[in-house]
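Written below as structure tokens is the structure these notes are about.
Read-outs: derived from the displayed coordinates by stated rules, not from any lab. This structure is a prediction, so every number in the text was calculated from the model and none was measured. No Cβ is skipped: glycine too gets one built from the backbone with ideal geometry, and neighbour counts run over all protein chains shown.
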Amino acid sequence: MHDATGVASVGWLMIALPLLGAAVLLLGGKALDKAGPYLAVLLSWAAFVIGLLIVLQLRGRGAEERAMHLHLYSWIPAGSLNLDAGLLIDQLSTTFVLLITFVGSLIMVYSLGYMEHDPDKRRFFAYLNLFVASMLLLVLADSYVLLFVGWEGVGLASYLLIGFWNWNPAYATAANKAFFLNRVGDMGMLLAMFIMFWAWGKLDFAGVNAAVAGTGKGTLLAIGLCLLVAACGKSAQFPLQSWLGDAMAGPTPVSALIHAATMVTAGVYLIVRSNVIFTASENARLAVCIVGAITLAAGAIIGCAKDDMKKALAASTMSQIGYMVLAAGLGPVGYAFAIFHLVTHGFFKAGMFLGAGSVMHGMNDQVDMRRFGGLSTVMKITWVTFGLGFLAIIGFPGLSGFWSKDKIIESAFIGEGWKPWVFGLTALLAAGVTAFYMSRLFFMTFMGKRRWTEDVHPHESPLTMTIPMMILAVGSAFLGLILGPTNIITDWLEPVVGAHEEGHPVIGQYPLMAITVVLMIIGVAIAWKMYWRDDVPITPPVGSPLTQAARRDLGQDDLNEAVFARPGLHLTRSLVFFDNKVVDGGGNGMAAGIGGSSARLKKMQNGYVRSYSLTMLLGVVAILGAWWVVQ
Amino acid sequence: MTSPATFTQAHISYAAVVPMLVIFGAALVGVLVEAFLPRAQRYLVQLGVTLIGLVASFLTLVLIARNNRGVTAASAVVIDAPALMLQGTVLVLSFFAVLLMAERFDTKYPDAFTQSGASVPGSPTETNAVRLGATTTEVFPLTLFSVGGMMLFVASGDLLIMFIALEVLSLPLYILTGLARRRRLLSQEASLKYFLLGAFSSAFFLFGSALVYGATKTIQFGALADAVASTNGRDDILIPGVFLIAVGLLFKVGAVPFQSWTPDVYQGAPTPVTGFMATTVKVAAFGAMLRLFYVALDGLQWNWQPVLAVIAVLTMIVGSVFAVTQTDIKRLLAYSSISHAGFLLIGVVALNKTGLSGTMFYLVAYGFTTIAAFGIVALVRSSGSEATHLSQWAGLGRTSPVLAATFSFLMLGFAGIPLTSGFTAKFALFSSAVGHGATWLVVVAVLMSAVTAFVYVRIIVLMYFSEPTGDTQVVMPSPLTGIAVTAGALMTLVLGVAPAPLLNLAQHSALFMR
């Protein structure tokens, strides 16, 4: 690998600038309340410019010459095993850099308008800058360890931003839930690193990739599964998905940036970055596919039942990331398409979230879609930009989602045996369901009759908010067309994810495309009948058992409650109980209390010295005995 | 064999041992202070003498002893690079531990220590002593004596000096353990227990030394190494002797099955003393163990390596698994220290340069984190005494965010999360074993790291996600504790982000002299 030259040799600035911004804003105090947010936005754009220059530099080189390594400093020089801190600037990481800095900077501009009247906006922008810096570190890191640092950093930023309005206890609880489920994922990441460390003694991507060949299947499977657990935690995949819906408690720009466009896709990045490991372990890939398929189906079903606009979008995010994970699980045939869908999704989902924020802005922060309707007449820009995002996600022919999702469905049908049928059909049917629930969302909000509460006076949002929405809408419309059919994205990523042979789907490519479009039209048509032509009841109907289950997120909270929360509660309770019973409650005179507990403890421990020394003696005897036996 | 009639006076390189002399000198001054100064003045003078002594010793170590390395005092003391590194570590950690011991909060006396150590708890003698305003400022010279013993321990060149150093460092600790101001019975019991078991283990050490002398006719490490290489046929008493010596050292680090005193003593001792013991004793004992096994018993590695490996595994497992069920923070930290002892044993078993430098780095990293952790434990209180029960720590994240955040960070350091010193230390230490036939040890270590990570994260969860129980308060510390905790937390971060200078120092220091 080449050492970084030119612009790439200052690539570390991309991380340092937003990090500096976060530090300045947090430490600057009230003096920066006015100027701080602008500084934050400026530094984020600066990171984008550097990223763009680096991509241009990479494009000027041959395909195999592009990956560059930027050595930062010697982190842990431990004899024969050295761990350096460095950045890996290659096609995959720069793709993410552009997505993160471009979408992130746009959303920051939007936030200037959205958070204008928030008394704490300086802190908000500091956290956003911290997030951008951590996310860039995550994707640019050259080793799993450094990646993990960024991984924790984005987790921290996400936690702080979900609970940004923590005066609301429900919001603070949501932040805690995200924190907890993310820790489960982190354990997976740590275990994966531990296993890599003992298997290969290496934790940098280049070293690991070189060592994979010749490693036992079991080891690779274990590493793959641990990485998958990590990805599930961060990317809200089954069975760790339940935090994402609650995470919508954060300010809407946060939902757009962190919980739709970038951070939640980190799991997909992790899998694709570890493609050498996953390519070598078919069983690990199968597990990835299963998780992806379950999540994309579950997310789609949940999305059909949600009346909260942001939660419906969150369910959709879950489902779309399920598509990406499924694609990544398909192996070399799918890695590039997973990233492709990730990029287009970043645009259209961020655009729709910003649209949702704009709607909330005009509707006194309401989120219940049953009290929306007919907004197309009063919020024209939001309607059009959201509409483009909507058409993109349902896969309207020619728009971004059509190119990227269709590729994943097609890849899912490649293979032999039962797998293509199960995964392919799931992806295909879910595409129809996606069309239904997104149309439902769109029609309930912008079309049909007005069902507004009496005190709202919807109005279009200011330009700082609508311009980013327009830019993202343009991306939602044309990015797929630019990158997809021209093979730009696949050619660009090929040196990283590896070349693959053309597979043949079990159903022909064009019939498949036709079926997808037909399913989409059916989904839209049903939604049109139910939520545009017919009146939408203001109170939700009872609904079928499936709807009810979907409203409760398919019981995912009950599962978490049983598996994680209840044992934790019991633990804490028993600790308190033990305290009341066994140790003195205090307050009844210090001397008596101390004497009392000491006496009791003394009684408990009386005679232990004898048994302690006996243990020691037995230890000595065991050591000597073992030696004599061996002799 | 030399004739017993001739006796040559041993030459002593004073420049090499001056750091130890400074410490022992300061300790003697402390004794005089205790004898001649009025009570009211003792605290400040003792604190001054102790801190100045520690700083002066460190300065002489860097400025003088470092340039006068060598084997001295008839090969009884070896001032080589590892000895200097370990002595320096002991001095720095002791400095911060003394700051913790000196904490008075808003009263006139060191808060952690009883005002009358010799009295029966609750007796009229005690009441009288409290009325008269007695203090227990002798903890400072006692600490200095112990520090001096530790410095000699890591620099000892033969078995006899090693044994004397062991006793010099241990005896003050037995007393310090019994001086807690609150829960005095528990404290005195811990002290007695520590003393009895310590004496028991010392006997093993001494008996082992006798056997080794019987087999090789020498106690000097360099000569021992030669004798071990050439000896034939006397294995039947040499090897048991080696194991018995090892028992004495393994007791001090709290390795299984010689660990049972650890939780009781850690819990009963005054918290600053626990912090002092948990860090410096580990440094000293591992330093001595490294010297013994790397220098003197190198040639017997096929005998002791498997035994130590098994003990390392047992220690890691017992420490980690028992930590899970603990409900008292001090006992939990005790079991955590046992599991860390298990990790550290990997460096001893590895028997290579990386193992030596990795162990020394680990000791520094672990020491700073531990000092800060015990400093914080002393601040969380309930109706005047320390709230060590875990349930009393619930909700601290809400009531004292800074303290909870710092403690959480230290816990992440213990767990070995990247960007903390714990990660660097584990990485450096485990790498010494990977690929040297001890990979399976690393597997166990890695698994147990995951178990202990659960323990530490559980504390964080408890502090942040449980409702406060009500009567727990956090005392505002004086700058003394503030400095110690800040330094510990800062070093935990610095050694995680930029550990290269210290790692390099450890690597350059990783060469024993004979």
Next on the checklist: With the structure loaded, tell me whether A:Gly218 is free of Cβ contacts under 8 Å to residues at least 24 places away in the same chain and either away from chain B (no Cβ under 14 Å) or not in a helix (DSSP H, G or I) (or both) or whether it fails that test.
Outcome noted: no
Checklist entry - Limited to the stretch A:201-250, what total is found for residues that are among the charged types (D, E, K, R), within 28 Å of A:Ile294 (Cβ to Cβ) and surrounded by fewer than 24 Cβ atoms within 10 Å (Cβ to Cβ)? => result 2
Checklist entry - Do we have B:Phe407 as within 14 Å of chain A (Cβ to nearest Cβ) and crowded, with 24+ Cβ neighbours inside 10 Å here? => result no
Checklist entry - Inside the stretch B:2-57, can you point out the residues that are out of contact with any strand residue (DSSP E or B) (no Cβ under 7 Å at 6 or more places or on another chain), surrounded by 15 or more Cβ atoms within 10 Å (Cβ to Cβ) and of a type in the set (Gly, Ala, Ser)? => result B:Ala15, B:Gly25, B:Ala26, B:Ala27, B:Gly30, B:Gly53, B:Ala56, B:Ser57
Next on the checklist: Among the residues of the stretch B:335-374, what is the count of those that are under 20 Å from B:Gln267 (Cβ atoms) and within 14 Å of another protein chain (Cβ to nearest Cβ)?
Outcome noted: 1
Checklist entry - Which one of these does B:Tyr213 not meet: (1) within 11 Å of chain A (Cβ to nearest Cβ); (2) surrounded by fewer than 19 Cβ atoms within 10 Å (Cβ to Cβ)? => result (1)
Item to check | Test result for A:Phe396, under 30 Å from A:Arg371 (Cβ atoms) and assigned to a loop (DSSP other than H, G, I, E, B) | outcome: yes
Checklist entry - more than 11 Å from chain A (Cβ to nearest Cβ), surrounded by 24 or more Cβ atoms within 10 Å (Cβ to Cβ), touching a residue at least 60 places away in the same chain (Cβ under 8 Å) and assigned to a helix (DSSP H, G or I) - does that describe any residue in the stretch B:429-451? => result no
Next on the checklist: Yes or no: the stretch A:67-74 includes at least one residue that is farther than 23 Å from A:Val268 by Cα and more than 14 Å from every other protein chain (Cβ to nearest Cβ).
Outcome noted: yes
Item to check | Scan of the stretch B:254-311 for residues that are within 16 Å of the chain's Cα centre (by Cα), away from chain A (no Cβ under 14 Å) and among the hydrophobic types (A, V, I, L, M, F, W, C), ordered by number | outcome: B:Val273, B:Phe276, B:Met277, B:Ala278, B:Val281, B:Val283, B:Ala284, B:Ala285, B:Phe286, B:Ala288, B:Met289, B:Leu290
Item to check | The listed residue being within 11 Å of chain A (Cβ to nearest Cβ) and either under 20 Å from B:Gly241 (Cβ atoms) or in contact with a Ser or Thr (Cβ under 8 Å, 6 or more places away or on another chain) (or both), out of B:Gly208, B:Gly178, B:Gly222 | outcome: B:Gly208
Checklist outcome for this item: In the stretch A:512-529, residues that are more than 10 Å from A:Phe436 (Cα to Cα) and either hydroxyl-bearing (Ser, Thr, Tyr) or touching a Ser or Thr at 6+ places or on another chain (Cβ under 9 Å) (or both) total 1
Checklist entry - Mind checking which residues of the stretch B:482-492 are farther than 18 Å from B:Pro401 by Cβ and either within 14 Å of chain A (Cβ to nearest Cβ) or surrounded by 21 or more Cβ atoms within 10 Å (Cβ to Cβ) (or both)? => result B:Ala484, B:Gly488, B:Met491, B:Thr492
Item to check | Filter result (within 12 Å of chain B (Cβ to nearest Cβ), assigned to a helix (DSSP H, G or I) and among the polar types (S, T, N, Q)) within the stretch A:147-195 | outcome: A:Thr173, A:Asn176, A:Asn182
Item to check | Qualifying residue in the stretch B:176-190 (condition: surrounded by fewer than 19 Cβ atoms within 10 Å (Cβ to Cβ) and under 21 Å from the mean Cα position of the chain (by Cα)) | outcome: no
Next on the checklist: Take B:Phe153 and tell me if it is out of contact with any Asp or Glu (no Cβ under 6 Å at 6 or more places or on another chain) and within 14 Å of chain A (Cβ to nearest Cβ).
Outcome noted: no
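Yes/no matrix, rows are residues, columns are (1) surrounded by fewer than 20 Cβ atoms within 10 Å (Cβ to Cβ); (2) among the β-branched types (Val, Ile, Thr); (3) within 22 Å of A:Lys349 (Cα to Cα):
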{"position": "A:Asp368", "(1), (2), (3)": "yes, no, yes"}
{"position": "A:Leu375", "(1), (2), (3)": "no, no, yes"}
{"position": "A:Met379", "(1), (2), (3)": "no, no, yes"}
{"position": "A:Ala392", "(1), (2), (3)": "no, no, yes"}
{"position": "A:Leu399", "(1), (2), (3)": "no, no, yes"}
{"position": "A:Phe413", "(1), (2), (3)": "no, no, no"}
{"position": "A:Glu416", "(1), (2), (3)": "yes, no, no"}
{"position": "A:Ala427", "(1), (2), (3)": "no, no, yes"}
Item to check | Of the criteria (1) within 14 Å of chain B (Cβ to nearest Cβ); (2) surrounded by fewer than 24 Cβ atoms within 10 Å (Cβ to Cβ), which one A:Asp142 fails | outcome: (2)
Item to check | Test for A:Val456: is it of a type in the set (Val, Ile, Thr) and within 26 Å of A:Asp307 (Cβ to Cβ) | outcome: yes
Item to check | Qualifying residue in the stretch B:444-459 (condition: among the aromatic types (Phe, Trp, Tyr) and closer than 27 Å to B:Leu396 by Cα) | outcome: yes
